[in-house]
Structures are given as C-alpha cells and as structure tokens.
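The values are calculated or read from the model by the stated rules, or taken from the named source; none is laboratory data. Computed from a predicted model, the values in this text were never measured in an experiment. Because the Cβ atoms are built from the backbone with ideal geometry, glycine has one as well, and the counts that use them run over all protein chains shown.
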Amino acid sequence: MASIQLPIHSYQLRSRPASPSRLVNCYAEAMPADGKTPVLLTRAPGITDWTTVGSGSIAGMHFALSLLFVVSGSELYKVDSNKTATLLGNIGSPGNIDIDSNKIGVVVVNQPNAYTWTQSTGTFAQITDADFTSRGAGDVEFLDNFLLFREPDTDRFFGADLGTLDSFDALNFANADAAPDKLNGMKVDHRQAFLTGAKSSEIFQNTGAAGFPIERAINGFVEQGCLNGKTIAKLDQTVFWLADDYTVRRLQGLTPIRVSTHAIEQAIFDTTVSTASAFTYTQDGHLFYVLSMTEGTFVFDATTGEWHERQTYGSDNWKIGHHAQGFGFELVGDATSNKIGYLNAVDYDEFGSTQRMEWTYQVIYAQGQRAFHDRLEIIVETGVGLTTGQGVAPLVMLEYSDDGGSTWTSMPDRSLGALGKREERVVWHNLGSSRQRVYRAAVSDPVKVVLVDTLVEVKGGRL
C-alpha cells in the first residue's frame, strides 16, 4: 500500500499529456512541518444568497460610504446593511463598467459616459462638463483626492478637479507616451497609478508639481503590456494582470514577475481574451486572483503559488463576475442574474444550486507492464452529512481512465458518512488492470470536504 500524491494544482496541457492533474472548486492548503501530511485539499467556498438587486444581470459592484453600489442591467442602485436596494438612476445598456468613489460620492463609468451620485444631496446625474464629454472615459480610479479617468483609444488620462466628482479643467491631463501604444487599463495601488497599454505599462504618482500633479514616476516604465485592462486587480500588496504574452504577471517593484504556468498560459491562449476580467478576494488566509473568461475561470492562490479552477455547475466557467468586500462579507454578483451572494466556507452550494468539487490525480505508470489495482482508499474527513435535504448521505464519485483521460469508467459511489459517522472509510476494491491509470474523484453534495491522503495497492505499478 502506497500513497498517491495529492494533486495540488490544475496543470492540464491540451496539446501534450504533461500532467492530468486538475482541481475544480477545491485548492491545496499547506500543512505545518509536523502535520500528518504536507498538503491537503479543501473545498472552495459556496455562495449563499444575500439579496437581489434590480432585474438585470449584475454588471458592477463597489463598496464605499458604508453602502454597496450595484449596477444591475442598465440601472445603478445603492444597497444598505439591511439589504434595502434603492434605485439611483439609469446608466444605459452596460458595456465597459467601472466604479470608484471619493469622500463625497461615487462615479460610475459606462464607456464613454460617466454618472455621479452625491451623498449629501442624493443627486444622480450624468457628467456633462465639456472637458469630460470631449474625451469620455474607460476607467475611473481614486488617487490623492483626484478621480482619474482613462481616455479611450488614446495614451491619455485626465483628472477631475481636486475633491470633486464632475468638475474638470482642460489642462488636468497627462500622456503615458513612453511607448507608442494606447492605454487599455488603469489601477491605483499604493498611491501610484499603474497604466497599461498593449505593449507597455507606466507608473504615475502625485509629485506635488504645479497644475496637474500626476506625473510619471522616476523609472516608471515597464516593458510588459496588457491584453485586457479588465484583468488588472490588486492583491498581496501589488497588482496582477493578464500580460501581452499570454502570461499572468504580478508587479514586484518595477519587474513584471510571471506567476502563470505553461498549462494556464495555453488555456488562456485558447480562450477569448476579449471577454476576460478579474477580481481578487481573501478568505481563511488565502489570497485569490480570479481570472475569468467565457471558456474557463482560473484562480491563482498567492498564498501557495498554485492554480486551480472554479466552475458553475453545467458551465465551463464560474458565473461570478464582480466582488466587493462589505458589511462583513465577501460579496459576489451573478453575471447571469440579479443575485448578490456571499462566499461562505460552511455552505457548499452556489445560490442554492449544485457545486461540484472535482480532483484528478497524476498518472500511475506500469513501466510498460500491466499493473493490477487491488485497492484504493481516499483518506478524507467523514461523518460530514447534513441533517436534512441533499447531503444527508453524501457520496464520493470515482472514475478512472486508462487512455490519458480520453474516456472514463465510473465506479460505484462510496459514502462520506452520515452526520457523526466518523468511522466510515472510502474504499474501492478490484479496480482492474492498466499500463497507465488516472483516477478522478468528485463530490456534489453540499458538505465539507477535507482530503488528507490517498492510498493505493498496485501490483506491478510505479507511483
């Protein structure tokens, strides 16, 4: 009897069988040096219903001024801690949405237009200042009491007058022109504006100069561009983004550090990057960068340095497009409905629907010979069944493939144990023979899953 190494990341190369390892709706967690095992797998949090807002899909979220601001369809709402949603106004059919705020109110950009809500008066209005409308905006960020706006299809950005929402001066602008490419994204981090173009990036800061004081920082040029500005997000004291070479990068000083793997990069290359967006959140000590596209959602855990995947059941990707931390919750918006939920590490469904946790192991080789698989045991916390509904009798599903994952054979399900039945063991016997074998397991019941180890008894194989 020997252990199969637990998969710790998603690493499936489509063009060559480098590794079948895959994690969907679960991730690795490092254990202390004196732990029973160096790593375990834990289930990703579910999503618990919090409220609904408006009648359209959630297109933007931002927490500020003790309120949650939500774009639902073409309408902007504010939501208070009692979950009361108040309609503020119409922003038109949602396109490229961005939201930020200062001390007096909130600005919502729906490229090229922008709309403001002023807290003291409760006034909602479209920005009509001529020095704004002549440019239009693609993004909005707050820096040192300036609201900065990226001008679409140019290398310029500009700012509202100091401390205002909707007053502009024609001279309050700067050019990110160290390289001949147009800006496609902007994010403020540590009081510096990180501006990305197709082939380069630049860093600006408040120098205190007369006039418009936002100027390029010394050595503030990065020879790495961005494929989609909506993938820029802040995490772990820096910014992450989808770079122009189909890698995911994090900024370390002025150096763009690659954090993606070859497998993740190939998956990105095969997807539609124009649909890409990203957000970040933290939970239970893990720092997550969530990169989502139509064809898949890939999550980098900055705590462990590993990648996993998230999926909504029945979909190729995770149907969560927006996040805001507020009211003590990690709030998320459904990109396909008007639902707002919160990430919940003790509730393992998604808005009341199935969440499927799935993990795929490395290959068990037989060194060109046929190996006989007599027994497989998954060491997992048991006795986790619920008291009512689905999950009273939770099950583990097991499949195996002998052709590199092209076809799969299902084995009988095994019980995870009703509530309190800690002595339950998850074991399969007489699994046949193979020259190379891949096992894949899954749990769809809404119960806690903590996977510690996997043991296999194989005659003639090499683990």
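Couple of notes before you dig in:
- Residues located in segment 292-337, provided they are touching a helix residue (DSSP H, G or I) at 6+ places or on another chain (Cβ under 8 Å) and over 16 Å from Ser277 (Cβ atoms): Trp307
- Among the candidates Ser93, Ser120, residue that is of a type in the set (Gly, Ala, Ser) and under 27 Å from the mean Cα position of the chain (by Cα): Ser93
- Whichever residue in segment 181-204 is assigned to a loop (DSSP other than H, G, I, E, B) and free of Cβ contacts under 8 Å to residues at least 40 places away in the same chain and, among such residues, is nearest to Thr121 (Cα to Cα): Lys182
- Residues of segment 413-440 satisfying the condition of being under 15 Å from Glu377 (Cβ atoms) and of a type in the set (Gly, Ala, Ser): Ser415, Gly417
- Selected residue (criterion: farthest from the chain's Cα centre (by Cα)) from residues of segment 216-267 that are within 15 Å of Trp307 (Cα to Cα) and small (Gly, Ala, Ser): Ala263
- Which numbered condition Ala178 fails, given (1) among the hydrophobic types (A, V, I, L, M, F, W, C); (2) buried (at least 23 other Cβ atoms within 10 Å of the Cβ); (3) not in a strand (DSSP E or B): (2)
- Summed over segment 336-364, residues that are buried (at least 17 other Cβ atoms within 10 Å of the Cβ), modelled with pLDDT of 95 or more and part of a strand (DSSP E or B) total 12.
- Of Val384, Val392, Val332, all but one fail to be among the β-branched types (Val, Ile, Thr), at pLDDT 95 or above and touching a Leu at 6+ places or on another chain (Cβ under 7 Å); the exception is Val332.
- Within segment 369-404, the set of residues being more than 26 Å from Thr37 (Cα to Cα) and in contact with a strand residue (DSSP E or B) (Cβ under 6 Å, 6 or more places away or on another chain) comprises Arg370, Ala371, Phe372, Ser401, Asp402.
- In segment 242-266, the residues that are over 14 Å from Ala278 (Cα atoms) and assigned to a strand (DSSP E or B) form Cβ pairs under 9 Å with partners that are among the small types (Gly, Ala, Ser) and at pLDDT 95 or above, at six or more places apart or across chains, as follows: Leu251/Ser201; Pro256/Ser201; Pro256/Ala243; Arg258/Ala243.
- Matching option when the condition is crowded, with 19+ Cβ neighbours inside 10 Å and farther than 26 Å from Ala30 by Cα, among Gly333, Gly314, Gly296: Gly333
- Residues in segment 64-93 that are under 13 Å from Gly122 (Cα atoms) and of a type in the set (Lys, Arg): 1 in all.
- Among the residues of this structure, Thr407 does not count as one that is farther than 23 Å from Leu23 by Cβ, within 32 Å of the chain's Cα centre (by Cα), hydroxyl-bearing (Ser, Thr, Tyr) and assigned by TED's automatic domain parsing to the domain that holds Arg22.
- Scanning segment 277-308 for residues that are over 22 Å from Phe63 (Cα atoms) and in a loop (DSSP other than H, G, I, E, B) yields a count of 6.
- Meets criteria (within 26 Å of Ala30 (Cβ to Cβ), crowded, with 20+ Cβ neighbours inside 10 Å and in contact with a Pro (Cβ under 7 Å, 6 or more places away or on another chain)) for Val426: no
- Within segment 223-241, if we keep just the residues that are out of contact with any Leu (no Cβ under 6 Å at 6 or more places or on another chain) and not in a loop (DSSP other than H, G, I, E, B), the residue that is nearest to Gly197 (Cα to Cα) turns out to be Cys226.
- Residue among Asp144, Asp139, Asp155 that is at pLDDT 95 or above, closer than 22 Å to Glu202 by Cα and surrounded by fewer than 16 Cβ atoms within 10 Å (Cβ to Cβ): Asp144
- Looking only at segment 74-130, residues that are in contact with a strand residue (DSSP E or B) (Cβ under 8 Å, 6 or more places away or on another chain) and of a type in the set (Lys, Arg) come to 2 in all.
- Tabulated pairs, segment 429-451, first not assigned by TED's automatic domain parsing to the domain that holds Pro38 and among the acidic types (Asp, Glu), second part of a strand (DSSP E or B) and buried (at least 23 other Cβ atoms within 10 Å of the Cβ), C-beta under 9 angstrom, 6+ apart or interchain: none
- When each of Gly229, Gly285, Gly305, Gly328 is tested for being farther than 23 Å from Leu6 by Cα and surrounded by fewer than 22 Cβ atoms within 10 Å (Cβ to Cβ), the lone residue that passes is Gly328.
- Of all the listed residues (Leu162, Leu148), the sole one being touching an Asp or Glu at 6+ places or on another chain (Cβ under 9 Å) and without any contact (Cβ under 8 Å) to a residue 24 or more places away in the chain is Leu162.
- Members of segment 4-45 found to be modelled with pLDDT of 80 or more and of a type in the set (S, T, N, Q), listed by number: Gln5, Ser10, Ser21, Asn25, Thr42
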